[in-house]
1. Could you tell me whether the range 1-18 includes any residue that is closer than 21 Å to LEU166 by Cβ, hydrophobic (A, V, I, L, M, F, W, C) and not in a helix (DSSP H, G or I)?
2. How many residues are in contact (Cβ under 8 Å) with a residue 12 or more places away in the chain and not in a helix (DSSP H, G or I) when one looks only at the range 79-136?
3. Considering only residues that are surrounded by 18 or more Cβ atoms within 10 Å (Cβ to Cβ) and among the charged types (D, E, K, R), look in the range 126-173 and name the one that is modelled with the lowest pLDDT.
Amino acid sequence: MRVAPFLIFLALTACQGKFGAASAYWFYFAKTLVGAWLIWAMRPFVSEMRWAISREAILIGVGIFTLWVGLDSYYPHLMKTGATGNPNEIFGEGSALAWFFITIHILGMTFVVPPMEEVLYRSFLYRYIASQNFLSVPLNKFLPVPFFATALIFGFSHNEWLAGILCGAAYQWLVLRKNRLGDAMTAHAITNFLLGVWIVREQAWNFW
């Protein structure tokens, strides 16, 4: 229950833009709905997937957003597929549909993406690298190889790979410090929400 939901989410992501420009937005909408349902279905089976808030989570969430934007022009990015871009270009400047998809994107990246990714990377992958019996590995046990491997894998799954690596390391540190996943979920949500608002305000659609 920690891997299959993410793979379904990833399959829908891969469909974005494959059936015309507008499909990027409709598939994002679909994967947000499916992702929300998957998270609800996972809850009884993934006990660590519970939101939690702390001062550290807030500081790291804001800090990673600042790094993500601040570092952007200082390193080359990876090729990116499935990006939704600017919905105003497809549905009309300031149209109801454009704002609908902007809202859906911010909601999805704030409330759906963080639980999905934190369960996969910080709960499952980190511990699975340490042991195939991953549930026997405590969330607060620091292990160098899983720590750096997970941060690298997480980072290179993003177009902004350098910021992604730092982000992955910071969220993993939160899990280790708090011995729970919820603070990393909250930090991730704060980062993504601030990034979404910044993208819209600055018209920096390349981040999507």
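1. Within the range 1-18, not a single residue is closer than 21 Å to LEU166 by Cβ, hydrophobic (A, V, I, L, M, F, W, C) and not in a helix (DSSP H, G or I).
2. Here the count works out to 8.
3. Here the answer is GLU160.
Yes/no matrix, rows are residues, columns are (1) under 16 Å from GLY108 (Cα atoms); (2) open to solvent by 50 Å² or more (accessible area, probe 1.4 Å):
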position: MET1; (1), (2): no, yes
position: LEU12; (1), (2): yes, no
position: ALA22; (1), (2): no, no
position: TRP26; (1), (2): yes, yes
position: VAL34; (1), (2): yes, yes
position: ILE39; (1), (2): yes, no
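The values are calculated or read from the model by the stated rules, or taken from the named source; none is laboratory data. Values in this document were obtained by computation on a predicted structure and should not be read as measured data. All Cβ positions, glycine included, derive from the backbone under ideal geometry; neighbour counts span all protein chains shown. Protein only, heavy atoms only, side chains kept; ligands, DNA and RNA dropped before computing areas. Shrake-Rupley method; radii C 1.70, N 1.55, O 1.52, S 1.80 Å.
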